[in-house]
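Notes follow the structure.
The values are calculated or read from the model by the stated rules, or taken from the named source; none is laboratory data. The structure displayed is predicted, hence computed values, not measured ones. Here Cβ is always computed from backbone atoms with ideal geometry, including for glycine, and neighbour counts include all displayed protein chains.
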Amino acid sequence: MAKPKEEFSLKETKPNISGRKNTRSSMTRHDLVEQMQFMFVKILKAKDLPGICDPYVELILGNYKGTTRFIEKKSNPEWSQVFAFKKERIQASALELVVRDKADGSSNMIGKVMFNIGDIPMRVQPDSPLAPQWYRLEDGNGVKLRGGELMVAVWMGTQADDAFSDAWHSDAAGVVSDMYTRSKIYHSPRLWYLRVNVIEARDLVLRDRNRKNPEIFVQATLGKFVLRTRVSQNMNMNPMWNEDIMFVAAEPFEEPLVLSVEDKLYPNKEESVSLGRIVIPLEDSMKRVDNTPACSTWYNLVQVGGDQREVMRFSSKLEMRISLDGGYHVLDEATNYSSDLMCTSKLLWRPAIGLLQLGILNATGLQVMKAKEKRTDAYCVAKYGTKWVRTRTILDSLAPQWNQQFSWDVYDLCTVLTIGVFDNGHLEEAGKGTHERIGKVRIRLSTLESGRIYTHSYPLLVLQPSGLKKMGEIELAVRFSCASWTDMLQTYSLPLLPKMHYLSPLSVYQLDSLRHQATIITSLRLSRAEPPLKKEVIDYMLDVGSNMWSIRKAKANYDRVLGIFSGIHALIKCAEHIRNWTNTYITITVHLLFLFVVFHPELILPIMFALLFLVGFWRYGNRPRHPPHLDTMLSGAESTNVEELDEEFDSFPSRKTGHEVIRRRYDRLRGIAGRMQVVLGDLATQGERVQSLTTWRDPRATFIFTCFCLIATLCTYCFPFRYWIMCTGLYVLRHPRLRSGLPSVPQNFLRRMPARTDSML
């Protein structure tokens, strides 16, 4: 039985945040989150400790205990470590810092320092950091020692404190390494499209000199990716290809490009022999920002012997054009959910049009993710553009409170912010476990009003083989601040993607292959950070595998298409009622209007634009006041069955047992159906974009469109209709030399309209 829709609805909240109290005040660093009080303890160093010891400091605050690292054989150790204790959980009246000696594993006490919790000063941002002080150590009876001092700073602060991000938190007590629980910021690697145009080869030397009609191709390798050209049609020693091979390369360029000329030994087998190869470092490759062809260069091929040693003989040559194309945007996300549309080369970047701020407050009602321990260690990951942010992990809590705020520069409103919630897997094993997904939220920036703070509780929904499941709710605060209204409105007339995507377009197959490469490279680079972002986290955030076949998605997209054409069906039905004289007064009115338009055809366009203007103006009062969220009914997640879900979660190729031929045919059918599903979804998206012109889903775009309709009404009224027809016809039939090759302004405007893809699960 399907769950009631109310469980999956968006809820508006009113958290106690300073930005909501006074929205016109200047923005502060943490005005979108609730203030949390912490006690910070910064232990810097000690001096004049007795004898030769292995000292470390133990912090004791009620039931909480924390320790610094121990330093071997030093009487003047330096730690420079910060500890944070949540104020509302402090149940002790004193803080005790005990300096111990770890020599021989005895952990004998050297001395201690006591602090009264009521005497600890409060630091309020933007105050300067509290100056640390030297404190003489005491013995167990409170008597000051003759030697031994500890430099410490203790203060009360909030999560806005500079020491917050690198501090050891009391919530991480018992974890092997608190590094895996800290909040961090990551940046995706700078990705380039590497274009290798293989032109021809000269003076190749075959292993078998007597062989006729050799089948020769070029194989290119960059890191883990291997691509190849087609077999040359010139079956001789001077083959020609003139074919492009595309890779994704990431800065810094750590791996060279390796090209090998291969001779296919057998027609129906993949076995081949190398006729020579070349290794090209990418640092020396040409970087271009337009479609000007790169210079062709002849490269000397080096033959490789049977022992994989390079053999210097008569050199064959290979002609190629190699360039790093910075005029493209390297797609690593699903196009409908892209958070970045800027090209690789920063020389072509436009100024930022605004600032996006996100406050991740808390989550409630989370499900237990670790069944054995009966606990959940939740953290959030947010991605926008090339910047990834990760909150700290709250251990063993089904209602974690993060209250962390992040910000991004915005260059285009037609982008999506993605927030995911995950369970930190197996912290006891130092981050080697799987990070299970809890849920995800998408927010399209064009649906946000400038300067307004949106505070909502979003349901965390996950589709599992057993059906749709609500994993909890997450409370977010979002604000988009516009820097320049002129620059922001101008973006609606610009192409959605950089110019190179239109002047030198890539095929759908190339884009799909390059996106696969980009996601793998991003995953590998971010997994090398400390703490790493795991592969399963990145795949979930980037929607890897979202184009796989699913009956549920196909049905949902079909229903979206029907919803688009429902308006046309309603018009046809209305016309039928008029023709059948169902309502006499309406039919007579339509007759009079028809005769009026026949005798005054110049009023057709003014009336049409006036009606569109009135519709847009009328719907302003009912404009959406909340950002879109996942719609389970639209996605078909509530009405699907177990059999459909079993097919959707089946791997590709299929894991199902059965006849081999049937399985291959079934997988082939799924691959074709997956592409059809994408086309069907794109068709529905285009129709929904047309509908959104007057729905105020994007308030700025609807404002522009309604103003255009008003101006068009006046212009079409003042100038004869025949002139508009003549100008339109001449413009459409103009000579190709007068066309720029880029999409027109109406096309660019329409492509930026929001669709209901944001509400698809």
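Per-structure values
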read-out	value
Enumeration of residues in segment 333-345 that are under 19 Å from SER513 (Cβ atoms) and in contact with a strand residue (DSSP E or B) (Cβ under 7 Å, 6 or more places away or on another chain)	SER338, THR344
Residues located in segment 108-135, provided they are more than 24 Å from GLN91 (Cα to Cα), of a type in the set (S, T, N, Q) and without any contact (Cβ under 8 Å) to a residue 40 or more places away in the chain	ASN108, SER128, GLN133
Condition broken by GLN233, with the remaining ones in (1) polar (S, T, N, Q); (2) surrounded by 21 or more Cβ atoms within 10 Å (Cβ to Cβ); (3) over 30 Å from ASN424 (Cβ atoms) satisfied	(2)
Matching entry among LEU496, LEU514 (being under 24 Å from GLY545 (Cα atoms) and touching a Cys at 6+ places or on another chain (Cβ under 7 Å))	LEU496
Options VAL561, VAL597: the member that is among the β-branched types (Val, Ile, Thr), surrounded by 11 or more Cβ atoms within 10 Å (Cβ to Cβ), modelled with pLDDT under 85 and over 30 Å from ARG756 (Cα atoms)	VAL597
Number of the exception - ASP631 against (1) modelled with pLDDT of 80 or more; (2) surrounded by fewer than 12 Cβ atoms within 10 Å (Cβ to Cβ)	(2)
Residue match in segment 746-758 (condition: exposed (fewer than 14 other Cβ atoms within 10 Å of the Cβ), at pLDDT 80 or above and not in a loop (DSSP other than H, G, I, E, B))	yes
Which listed residue, of LEU761, LEU742, is at pLDDT below 80 and outside any helix (DSSP H, G or I)	LEU761
Subset of segment 58-76 [closer than 30 Å to GLY118 by Cα and of a type in the set (A, V, I, L, M)]	LEU59, ILE60, LEU61
Count of segment 407-435 residues which are surrounded by 18 or more Cβ atoms within 10 Å (Cβ to Cβ) and closer than 15 Å to LEU533 by Cβ	10
First in segment 501-513 and among the aromatic types (Phe, Trp, Tyr), second anywhere and not in a helix (DSSP H, G or I), Cβ under 6 Å, 6 or more apart	TYR502/LEU742
Total residues in segment 584-641, condition among the β-branched types (Val, Ile, Thr), touching a residue at least 24 places away in the same chain (Cβ under 8 Å) and more than 17 Å from MET760 (Cβ to Cβ)	2
Segment 540-552 residues that are touching a residue at least 24 places away in the same chain (Cβ under 8 Å), paired with ones that are basic (Lys, Arg) (beta carbon under 7 Å, 6 or more apart)	TYR540/ARG437; TYR540/LYS440; MET541/LYS383; TRP549/ARG670
SER546 under 23 Å from GLU436 (Cα atoms), part of a helix (DSSP H, G or I) and of a type in the set (Gly, Ala, Ser)	no
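Matching residues to (1) among the acidic types (Asp, Glu); (2) in contact with a Leu (Cβ under 7 Å, 6 or more places away or on another chain):
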position: ASP682; (1), (2): yes, no
position: GLU688; (1), (2): yes, no
position: PRO699; (1), (2): no, no
position: THR702; (1), (2): no, yes
position: PRO720; (1), (2): no, no
position: ARG739; (1), (2): no, no
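Quick grid of which residues meet (1) part of a loop (DSSP other than H, G, I, E, B); (2) under 24 Å from ASP512 (Cα atoms); (3) aromatic (Phe, Trp, Tyr):
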| residue | (1), (2), (3) |
| --- | --- |
| ARG211 | yes, no, no |
| VAL226 | no, yes, no |
| SER232 | yes, no, no |
| GLU243 | no, yes, no |
| MET246 | no, yes, no |
| PRO252 | yes, yes, no |
| SER260 | no, no, no |
| ARG277 | no, no, no |
| LYS287 | no, yes, no |
